[in-house]
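The values are calculated or read from the model by the stated rules, or taken from the named source; none is laboratory data. Owing to the predicted nature of the structure, the values given are computational and were not obtained by experimental measurement. Positions of Cβ are backbone-derived with ideal geometry, glycine not excepted, and every protein chain shown enters the neighbour counts. To get the accessible areas, we keep the full protein, side chains included, count just its heavy atoms, and leave off ligands, DNA and RNA. Shrake-Rupley method; radii C 1.70, N 1.55, O 1.52, S 1.80 Å.
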Amino acid sequence: QVQLVESGGGLVQPGGSLRLSCAASGNIFSLATMHWHRQASGNQRELVATIRPDDTTYVTASVKGRFTISRDNAKSTVYLQMNSLEPEDTAVYYCNTRWLNNNYWGQGTQVTVSS
């Protein structure tokens, strides 16, 4: 069983920054590929960023150069550093991993970018 708990969301002005955290329970974190997804109101959930156990990463084109994903295996935590935030980044952000054919999701954290 894996539990994921996100934190760090909030209200920020355009151009601002936030860092999201996702703390994972269980002993598999260092072996797991971790993802950040987001879902804006009325839209489908979309993949934002991925980090693999070897620390290779992927970020979707719309956030490339602004968002960075990283992990701290000692803390079983994955981060999403979000800079130069835009109103279009407003969404609920979810942490996700897949392990032994089970998909695990956190409860989500709201990010609102508005002046």
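Structure data summary
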read-out	value
Net charge of Cβ neighbours under 14 Å - reference Thr97; Lys, Arg +1; Asp, Glu -1	+2
Cβ-based net charge around Ser115, under 15 Å, with every Lys or Arg adding one and every Asp or Glu removing one	-3
Per-pair calculated FRET efficiency, R0 = 22 Å: Asn27 and Gln110 via Cβ, rounded to 0.05	0.15
Karplus-derived 3J(HN,Hα), 6.51/-1.76/1.60, for each residue of region 58-64, Hz, glycine and proline x	9, 10, 5, 4, 5, 10, 4
With eigenvalues of the C-alpha gyration tensor scaled by 5 and rooted, the chain, Å	23, 14, 13
Distance from region 10-71 to region 75-115 (C-alpha centre basis), Å	5 Å
Percent accessible area from carbon and sulfur atoms, region 1-105, protein chains only, probe 1.4 Å	45 percent
